[in-house]
Amino acid sequence: GIQLLTADNSSKPQINKYVTTVGQKTDNVAFDQEITWIVISDVPSDMGARYTEYKIADTMDAELDFVDGSISVSVSRDGANYTPYTTGFTAPQSVSGTTFDVVFTDRAALAGVKKIKVEYQTTLNKEKTVMDDFIVNKVRLDYETDVTVDSDLEENPPKVYTGGFKFVKVSTDD
């Protein structure tokens, strides 16, 4: 007889992070500047039916300080245009340390949504920041379905460059 095999064709959701604007991976920043980080995550079409967890796990460099209350979430139904999204998830108002999660608790409410965008701001920590250095900002998508537990780590995390001047101390003693 002929045996029919069925495959799980739901694609794995991907996550990407940018700095300043979507598509940008590096930027030069100054100490007094707020730096905008943009995370864009795919929403699987079977999110409501099969997903039991969907969490964006963000890991900031120690040289970055989170700007309190700066997280905003928006969603796109066409993959291009975003509208604000204010319910169905938990996100911190403030962050002590370098990690925080945005957890989508009402996954059924994301039916028809193709992408999620999470934006937040940081500043450079004056005590910890080294001048002329690249600061990397990582993100990971953790998810769980009825058949798998998996994650997608941003493969090319964005970074900011702390430009600046190197001072050479010159003695006036001849």
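The values are calculated or read from the model by the stated rules, or taken from the named source; none is laboratory data. Every value quoted in this text rests on a predicted model; they were computed, and no experiment measured them. FYI the Cβ positions are ideal-geometry reconstructions off the backbone, even for glycines, and counts take in every protein chain you see. In case anyone asks, the SASA skips ligands and DNA or RNA and just uses the protein heavy atoms, side chains included. Shrake-Rupley method; radii C 1.70, N 1.55, O 1.52, S 1.80 Å.
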GluC sites (Glu not before Pro) in region 50-141 lying in a DSSP loop, each with at most 15 other Cβ atoms within 10 Å of its Cβ, come to Glu127
Give the share of C-alpha pairs in each 5 angstrom bin for region 60-116, from 0 to the last occupied bin, in whole percents, shortest bins first. 4, 17, 24, 20, 15, 14, 6, 1
Provide Rg over Rh for region 1-118; use the alpha carbon set for both Rg and the Kirkwood Rh (inverse mean inverse pair distance). 1.06
Alpha carbon centre of region 48-72 versus region 102-157: separation in Å? 5 Å
Take the cross-link list Lys25/Lys117; Lys55/Lys114; Lys55/Lys126 and give me the ones stretching past 26 Å between alpha-carbons. Lys55/Lys126
Using a 1.4 Å probe and counting only protein heavy atoms, arrange Ser76, Ser94 so the residue with the most accessible area comes first. Ser94, Ser76
Pull up all non-local amide H partners of Asp133: gap of 5 or more, or a different chain, and H-to-H distance under 5 Å with H placed in the peptide plane. Thr162
Beta bridges per DSSP with both ends in the chain, % antiparallel, nearest 5: 95 percent
For a quick check, take a GNM of the chain with Cα springs below 10 Å and name the residue from Ser70, Ser41, Ser151 with the largest mean-square fluctuation. Ser70
Take every Cα pair under 8 Å in the chain that's 6+ residues apart, average their separations, divide by the length, and report that relative contact order as a whole percent. 32 percent
Run the dipole for region 18-174 about the Cα centre, Lys and Arg Cβ at +1, Asp and Glu Cβ at -1, nothing else charged, and hand back the magnitude in debye, nearest 20. 400 debye
Most fluctuating residue given options Val19, Val95, Val136, as computed from a GNM of the chain linking Cα atoms under 10 Å: Val95
